[in-house]
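Asker: Take a look at the following structure, please.
The values are calculated or read from the model by the stated rules, or taken from the named source; none is laboratory data. This is a predicted model, so every value here is computed, not measured. So basically every Cβ, Gly included, is an ideal-geometry build from the backbone, and we count neighbours across all protein chains shown. Ligands, DNA and RNA are excluded from the accessible area calculation, which covers all protein heavy atoms including side chains. Shrake-Rupley method; radii C 1.70, N 1.55, O 1.52, S 1.80 Å.
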Amino acid sequence: MSELRIRDRTPPGPLEYLRRWPLRLWLAAVAVFLYAPLITLMVFSFNNSKRNIVWRGFTLDYYVAAFQDSDLIAAFGNSLTIAFISTVVSVALGALTAMLLWRFRFPGKTLFEGALSLPIVVPEICMGVAMLVFFTQIMPWPTSLPWPLNLGAIIISHISFSFSFVAIVIRARLASFNRELEEAARDLGAGEWRIFRDVILPHMTPGLVAGGLLAFTLSLDDFVITFFTSGPDTTTFPVKVYSMVRFSVTPEVNAASTILIVITVALTFIALRLQGNDVARNAAGG
Amino acid sequence: MDESWKRAKGVFAAVGIPPVFWLAAFFLIPMAIIWAYSFGENKNLVEISVNGTFANYAHAITPLYIGIIFKSFWYAVVTTALCLIVGFPVAVAITFASDKTKTWLLLLIMLPFWTNLLIRTYALMAVLRNEGFINQFLSLLWDGVSHLTALAGHPLPPFQPLPLLHNTFAVIFGLVYVQLPFMVLPLYAALDRLDRSLLEASLDLGAGHLTTFARVVTPLAMPGIVSGVVVTLIPSVGAYLTPDLLGGPSSLMIANIIERQFKTADNWPFGSALSFLLMYMTFLAIAVQAIVARNRRAAASEAAS
Amino acid sequence: MKRGRSRRSLLAGLGAAAVGLSFTGLEGCSTKAPIGRNGEEAKLNVYNWDNYTGETTLADFKAATGVAVKMSLFSTNDELFSKLRSGNPGFDVIVPSNEYVTRMRISDMLTPLDLDKIPNRKNILPAFLNPDFDPGRHYSMPYTWLCQGIGYRKSKVDGVPDSWKWVMESDRYKGRIGLFSEADDLIELGAKYLGHSVRDIPYEMVDRIADMYIRQKPNVKIFHTDNGQDLLLSGDIDIVMDYNGDIARVMDEDPDLDFVVPKEGSILNSDCLCIPKGAPRPDNAHQFINFLLDAKNGAEIASTILYPTPNGAALALMPASYRDNPVIFPPADAIAKCEYAAFEGLKRAQFYDETLTRIFAS
C-alpha cells in the first residue's frame with residue numbers, strides 16, 4: 001500500500017516514460033485521434049436531423065428505424081450466420097492443418113506452408129475478384145437455394161481466407177506441447193483418436209478459442225471479398241451499410257454502426273474475460 | 001521431432017486431405033483462373049477466350065497504369081512512415097508502463113481494430129467533411145480570432161472550410177487511421193523483448209534519451225520495426241475501401257482501378273493482369289523482407305561465433 | 001476439469017446465442033414468402049436507381065397483388081451490367097438506360113416480354129413504341145425519359161449558364177462545379193460541346209475532349225455519382241451536370257435552383273423496365289411492369305420523381321404544373337438539338353472507360 005504512495009511521490013525513474021508528460025500527451029493525442037471519430041459517430045446516431053450534418057436535437061427515432069428495417073436486420077442475420085459457420089469450419093480446417101504441420105514430415109511440406117500463407121498475403125481485391133470469377137464461371141452457386149445454403153458462396157470465400165490465420169494461431173499453441181505426453185499415452189495403449197481427444201485437444205483449446213475469435217471477427221468484418229460475391233438476397237451487414245453510405249446517409253447508418261460497435265466491444269470483453277480467467281487460474285496453479 | 005508421414009498414413013490422410021483439398025479447390029483454383037484470364041481477351045461482352053496473349057500485361061505497364069501503381073506505393077510509403085512516427089512513441093509508452101496499465105493500453109489501441117472497417121471509414125467522412133469535426137473546430141478558432149481582430153477594427157473574412165475530404169489528404173489520413181494498430185503491435189512486441197539493462201547502461205554512461213533510442217534501441221528492435229513496416233505497407237498498397245469512400249478522382253489507387261475493370265469497364269482480362277501485377281509486387285516486398293531478415297540473422301550469428 | 005467445462009459451456013452458450021440471434025434476425029425477412037396464385041413466391045427483387053419510384057408505389061402494388069417488393073439500388077448502368085453479367089443473382093426486374101438495353105439484349109441477358117401480360121402498354125406514347133435500341137419493344141418497356149443539362153443556383157451564377165462551356169472549359173465557377181462520373185456521358189457531352197454528334201466520335205476528338213477535362217479538373221469540385229442534385233441543394237456546389245428530373249425534384253425544395261439545356265444540345269435517355277434472364281419470378285415481374293404502366297400509378301410515380309413520363313395516359317392525369325414545367329419538358333427547340341446515344345461496341349466502350357481513368361489519374 002505505502003509502496004504505491006511512495007512510488008507516486010518519487011520522481012519518475014529513467015525508464016518510466018509513461019509517467020512523464022511528453023509521452024502522456026502523445027498517448028492522449030493518439031487516443032483522441034483514434035476514438036474521436038467513433039464517438040462522434042455514436043453521438044450523431046441520436047441526431048434529430050435527416051441529413052445528419054448539424055446537431056439538431058436528441059432522438060431515438062433512427063434506432064427504431066434501424067430495428068424495423070427488415071433489410072438491415074436480414075443483412076445482420078446473414079453476417080452472423082456466415083461468421084458462425086465460417087468460424088466452425090475454419091477452426092476445424094485450421095486445427096487439422098496445424099496438426100499436419102506439427103506432427104508430420106512429408107515431401108512438399110515447404111511448398112504447402114508457402115501455399116498456406118498465400119491467403120494471408122494476397123491483397124483482398126485480388127481474392128475478391130478471384131472468388132467472383134470462380135463462383136460465376138466454374139461453380140455457379142444457385143441463389144434460389146433455401147437459406148442458409150444460398151450463402152454458400154460467401155461462406156466458402158470467408159473460410160478460404162480465414163483458415164490460414166487460424167492455422168497459424170493453433171500452430172503457435174501446439175508448438176508448446178510436450179510430445180512426451182503423447183508418447184506416454186501411446187505407450188499406455190491409447191488409440192490415435194483417444195490420444196487426440198484426451199491429451200492433445202485440451203492443450204490446443206486456448207489456441208482453438210483464439211483462432212475461433214479471430215475467424216469470427218475476420219468474417220463479420222469482411223467487406224471487399226463479400227462485396228464481390230453477394231447478391232440481393234445474400235447481403236451482409238458491411239455490404240448493406242456501404243449501400244446506405246452511398247445512397248441514403250441518414251442517422252440510421254450511425255445507429256446501425258453503433259449497435260455493431262457495442263456488440264463487438266461486448267464480445268471482445270467477454271473473450272478477454274475468458275482468457276484472463278484462464279491466465280489467472282493457470283498462474284494460481286489451479 | 002516430427003515423424004515421417006509414412007509411419008501413420010491413416011492419420012496423415014485424415015489430417016492432411018481436408019485442408020489440402022480446400023486450399024486447392026477454393027483458393028488455388030480461383031487464383032489460377034484469374035491468372036489464365038490475364039492471358040485472355042474479351043471475345044464479346046460476356047465471354048472471355050484465353051489465348052495466351054500478353055496484351056493485357058503490355059497494357060498494364062503503360063504510363064497511365066504504372067503511374068497509378070507508383071502512386072499507390074507512394075501513398076503506402078507515406079502512410080507507413082506516418083504510422084511509424086506516430087506509433088513508435090505509443091509502443092514505447094506501452095512497453096514501459098506498469099503491467100496493469102499495459103493491458104489497458106493495449107486494449108485501447110486494439111479496440112478500434114476490432115471495429116468494422118466500413119464503420120471506421122464512414123466515421124472519418126463525418127470528421128473530415130466541410131461541416132465535420134475538424135472544420136467546425138477550426139471555424140470556432142477562426143471566429144474567436146476574428147472577434148479579437150475586430151476589436152482592433154479589422155475583422156477577418158468569413159471562414160473558408162478546408163477541403164479535407166475526397167482528396168489525397170483524406171486517403172492518407174484514413175489509411176493511417178486504419179493501419180496504426182498494425183504498426184504498434186509488432187513494435188511493442190519487439191521493444192518488450194529488449195533487455196532493459198542495456199538501456200539503463202546507456203543512460204548511465206551519459207547518453208540522452210533520444211541518443212539512446214537512436215543508437216541502442218532502434219538497431220536492437222529492427223526486426224520488429226521491419227515487421228511492422230511490412231504489415232502496414234502491404235495492406236496499404238492494396239487498399240480499396242479507404243480510397244473509394246474518402247478519396248477523390250485524383251486519388252484512385254490500384255485496387256480501385258482493378259475494381260473498375262471488373263465492375264464498370266467490363267474488362268476482366270485486363271483486371272486480372274493488374275491483380276497479378278499487384279500480387280507479384282506484394283510477393284517481392286515480402287521476399288525482400290525475408291532476405292533482409294536472413295542476412296541480419298546470418299550477420300548476428302557470425303558476430304556471435 | 002472444472003475450468004475447462006465452464007469455459008466450454010460459456011462458449012457453447014455464446015455460439016447458441018449467435019445462432020439464435022441469426023435465426024430471429026431472419027424471422028423478419030425470411031426468404032420463404034407465401035406462394036401466390038400464379039405459383040410463384042409472393043415477392044419481387046427489383047434493381048433500380050435511387051429515388052426512382054412513387055411514394056406509395058410499392059405499398060400499392062403489395063395491396064393490389066400481395067407481392068412484396070424488395071428494391072436494391074445501383075448508381076450507374078455499368079454497375080447494373082456487371083452485376084448481371086455473369087448470371088442473374090436473383091433480380092426479377094431491372095431498369096437499364098437505352099444503350100444498356102442494347103448491350104444486354106445482344107449479350108442474351110434479357111428475356112423477351114410476354115406482351116399479353118402487359119395490356120397497359122397501350123398507354124405508352126407512340127413516339128416510344130419502336131425505338132432503335134429495342135424495335136417493337138419485345139425486351140423493354142419505357143419507364144421514363146430524360147434530358148441531360150446544367151442545374152445551377154441562380155443567386156450564385158451570372159445569368160443563365162446556357163452553354164457547356166461553364167462546366168467544361170471555364171474557371172468562372174472554380175471549385176463549385178460538379179460533373180458526371182460516367183465515361184459515356186462525359187465524352188458524348190464533350191462531343192456535343194465541340195459541335196459533333198454523340199455517335200461515331202473520332203478517336204482523336206475523344207482525346208481532345210479528355211485533355212479539355214484534364215485542364216478543367218482543378219475547377220471541378222466533384223465527379224458525382226447520381227447525387228449531383230443533393231450537392232446542389234446542400235450548397236456544396238453551385239453548378240452541375242445532371243438530369244432534368246433530379247433537378248426538377250430539388251427545385252421543388254429550393255426555388256433558388258434552376259435547370260437549362262445548353263445551346264449546343266444534349267443527350268436524351270430513356271430508362272426502361274426489363275426482365276433479366278433467369279428471373280426467379282417472371283410472372284410477378286410482368287405484373288409489376290404492367291402495374292407501373294397503369295395511368296394512375298404512372299401519375300403517382302411522375303409526381304414524385306418529376307421525370308418526364310412516356311406514359312400518355314399518366315401524362316393526361318398530371319396537373320399543369322407538371323406538364324408545363326420547362327425543366328421537366330424542355331422546349332422543342334432545345335429538344336431538337338438533343339439525341340439519344342447508342343451502344344457502339346465493346347472496344348469503344350473500353351476506350352471511353354480508359355479515357356476516364358486517364359482523366360481521373362492526371
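Asker: Taking region B:100-139 as the search range and keeping residues that are open to solvent by 40 Å² or more (accessible area, probe 1.4 Å) and either at pLDDT 85 or above or of a type in the set (Gly, Ala, Ser) (or both), which one is nearest to the chain's Cα centre (by Cα)?
Answerer: Here the answer is B:Leu117.
Asker: For residues that are aromatic (Phe, Trp, Tyr), within 11 Å of chain C (Cβ to nearest Cβ) and within 15 Å of the chain's Cα centre (by Cα), tally how many sit in region A:218-258.
Answerer: Number of matching residues: 1.
Asker: Listed residues A:Ala130, A:Ala98; which is at the interface with chain B (Cβ under 7 Å from one of its Cβ atoms) and small (Gly, Ala, Ser)?
Answerer: Matching residue, one of A:Ala130, A:Ala98: A:Ala130.
Asker: May I pose another question? Consider A:Phe165 carefully, then state whether it is closer than 21 Å to B:Pro19 by Cβ and more than 11 Å from chain C (Cβ to nearest Cβ).
Answerer: In short, yes.
This table checks each residue for (1) modelled with pLDDT of 90 or more; (2) in the same structural domain as A:Glu180 (by TED's automatic domain parsing); (3) of a type in the set (A, V, I, L, M); (4) open to solvent by 50 Å² or more (accessible area, probe 1.4 Å).
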{"position": "A:Leu72", "(1), (2), (3), (4)": "no, yes, yes, no"}
{"position": "A:Ala83", "(1), (2), (3), (4)": "yes, yes, yes, no"}
{"position": "A:Glu124", "(1), (2), (3), (4)": "no, yes, no, yes"}
{"position": "A:Leu145", "(1), (2), (3), (4)": "no, yes, yes, yes"}
{"position": "A:Ile154", "(1), (2), (3), (4)": "yes, yes, yes, no"}
{"position": "A:Ser160", "(1), (2), (3), (4)": "yes, yes, no, no"}
{"position": "A:Ser164", "(1), (2), (3), (4)": "yes, yes, no, no"}
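Asker: Among the residues of region C:27-53 satisfying the criterion of being among the β-branched types (Val, Ile, Thr) and closer than 30 Å to C:Val250 by Cα, which is modelled with the lowest pLDDT?
Answerer: By that ranking, first place goes to C:Thr53.
Asker: Name the helices (runs of 4 or more DSSP H) wholly inside region B:213-282 in which the number of residues that are more than 22 Å from C:Gln350 (Cβ to Cβ) and out of contact with any Pro (no Cβ under 8 Å at 6 or more places or on another chain) is 2 or more.
Answerer: Answer list for region B:213-282: B:218-237, B:241-246.
Asker: State whether one or more residues within region B:150-157 are in a helix (DSSP H, G or I), surrounded by 17 or more Cβ atoms within 10 Å (Cβ to Cβ) and more than 16 Å from the chain's Cα centre (by Cα).
Answerer: no
Asker: Pick from region C:318-352 the residues that are within 14 Å of another protein chain (Cβ to nearest Cβ) and of a type in the set (Gly, Ala, Ser): which of them is nearest to the chain's Cα centre (by Cα)?
Answerer: C:Ala349
Asker: Within region C:98-121, which residues are away from chain B (no Cβ under 14 Å) and in contact (Cβ under 8 Å) with a residue 40 or more places away in the chain?
Answerer: C:Asn98, C:Thr111, C:Leu113, C:Asp114, C:Lys117, C:Ile118, C:Pro119, C:Asn120, C:Arg121
Asker: Of everything in region C:173-188, what is out of contact with any Leu (no Cβ under 9 Å at 6 or more places or on another chain), surrounded by 15 or more Cβ atoms within 10 Å (Cβ to Cβ) and not acidic (Asp, Glu)? Give them in sequence order.
Answerer: C:Tyr173, C:Arg176, C:Ile177, listed by residue number.
Asker: Out of all the residues in region B:158-204, which are closer than 20 Å to A:Val32 by Cβ and either surrounded by fewer than 16 Cβ atoms within 10 Å (Cβ to Cβ) or among the acidic types (Asp, Glu) (or both)?
Answerer: B:Leu162 - this is the single residue of region B:158-204 that is closer than 20 Å to A:Val32 by Cβ and either surrounded by fewer than 16 Cβ atoms within 10 Å (Cβ to Cβ) or among the acidic types (Asp, Glu) (or both).
Asker: Restricting to region A:35-60, name every residue that is out of contact with any Phe, Trp or Tyr (no Cβ under 7 Å at 6 or more places or on another chain), more than 10 Å from every other protein chain (Cβ to nearest Cβ) and touching a residue at least 40 places away in the same chain (Cβ under 8 Å).
Answerer: Within region A:35-60, A:Ser49, A:Lys50 meet the criteria.
Asker: Quick one: count up the residues across region C:45-65 that are open to solvent by 40 Å² or more (accessible area, probe 1.4 Å) and more than 11 Å from chain A (Cβ to nearest Cβ).
Answerer: Number of matching residues: 9.
Asker: Let me ask another. Can you tell me which residue is farthest from the chain's Cα centre (by Cα) among those in region B:70-90 that are open to solvent by 20 Å² or more (accessible area, probe 1.4 Å) and within 14 Å of chain A (Cβ to nearest Cβ)?
Answerer: Selected residue: B:Pro89.
Asker: Would you be able to say whether some residue in region B:38-53 is surrounded by fewer than 19 Cβ atoms within 10 Å (Cβ to Cβ), at negative phi and part of a helix (DSSP H, G or I)?
Answerer: For region B:38-53, residues surrounded by fewer than 19 Cβ atoms within 10 Å (Cβ to Cβ), at negative phi and part of a helix (DSSP H, G or I): absent.
Asker: If you don't mind, another one. Residues C:Glu300, C:Glu354, C:Glu344: which one is open to solvent by 30 Å² or more (accessible area, probe 1.4 Å), in contact (Cβ under 8 Å) with a residue 12 or more places away in the chain, assigned by TED's automatic domain parsing to the domain that holds C:Asp252 and at negative phi?
Answerer: Unique residue meeting the criteria: C:Glu344.
Asker: Go through (1) within 30 Å of C:Ala183 (Cβ to Cβ); (2) in a loop (DSSP other than H, G, I, E, B) and name the single condition B:Pro161 misses.
Answerer: All conditions are met except number (1).
Asker: Only one residue in B:Ala60, B:Ala8, B:Ala24 is more than 8 Å from every other protein chain (Cβ to nearest Cβ), open to solvent by less than 30 Å² (accessible area, probe 1.4 Å) and of a type outside the set (D, E, K, R), so which one is that?
Answerer: Going through B:Ala60, B:Ala8, B:Ala24 in turn, just one is more than 8 Å from every other protein chain (Cβ to nearest Cβ), open to solvent by less than 30 Å² (accessible area, probe 1.4 Å) and of a type outside the set (D, E, K, R): B:Ala60.
Asker: Moving to a separate point now. Looking only at residues in region C:190-215 that are open to solvent by less than 10 Å² (accessible area, probe 1.4 Å) and more than 17 Å from C:Thr357 (Cα to Cα), which one is nearest to the chain's Cα centre (by Cα)?
Answerer: Only one residue tops the list, namely C:Val198.
Asker: Moving to a separate point now. Here's a check for you: in region A:194-217, which residue that is within 15 Å of A:Ala92 (Cβ to Cβ) and more than 17 Å from the chain's Cα centre (by Cα) is most open to solvent (accessible area, probe 1.4 Å)?
Answerer: A:Arg197
Asker: Something else: Can you name the condition, by its number, that C:Ile124 falls short on among (1) at pLDDT 90 or above; (2) farther than 28 Å from C:Leu317 by Cβ?
Answerer: (2)
Rundown of residues vs (1) at pLDDT 95 or above; (2) assigned to a strand (DSSP E or B); (3) open to solvent by less than 80 Å² (accessible area, probe 1.4 Å); (4) closer than 17 Å to C:Asn244 by Cβ, yes/no style:
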| position | (1), (2), (3), (4) |
| --- | --- |
| C:Pro131 | no, no, yes, no |
| C:Gly136 | no, no, yes, no |
| C:Trp145 | no, yes, yes, yes |
| C:Asp158 | no, no, no, no |
| C:Pro161 | no, no, yes, yes |
| C:Val167 | no, no, yes, yes |
| C:Asp171 | no, no, no, no |
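Asker: Provide a single number: the residues in region C:216-274 that are among the acidic types (Asp, Glu), open to solvent by less than 20 Å² (accessible area, probe 1.4 Å) and in a helix (DSSP H, G or I).
Answerer: Number of matching residues: 1.
Asker: Restricting the search to region A:26-66, which residues are open to solvent by 30 Å² or more (accessible area, probe 1.4 Å), modelled with pLDDT of 85 or more and part of a loop (DSSP other than H, G, I, E, B)?
Answerer: Selection gives A:Phe46, A:Leu60.
Asker: Within region C:306-340, how many residues are assigned to a helix (DSSP H, G or I), touching a strand residue (DSSP E or B) at 6+ places or on another chain (Cβ under 8 Å) and buried (at least 21 other Cβ atoms within 10 Å of the Cβ)?
Answerer: 0
Asker: Only one of these is surrounded by fewer than 18 Cβ atoms within 10 Å (Cβ to Cβ), assigned to a helix (DSSP H, G or I) and touching a Leu at 6+ places or on another chain (Cβ under 9 Å): B:Ala32, B:Ala14. Name it.
Answerer: Matching residue, one of B:Ala32, B:Ala14: B:Ala14.
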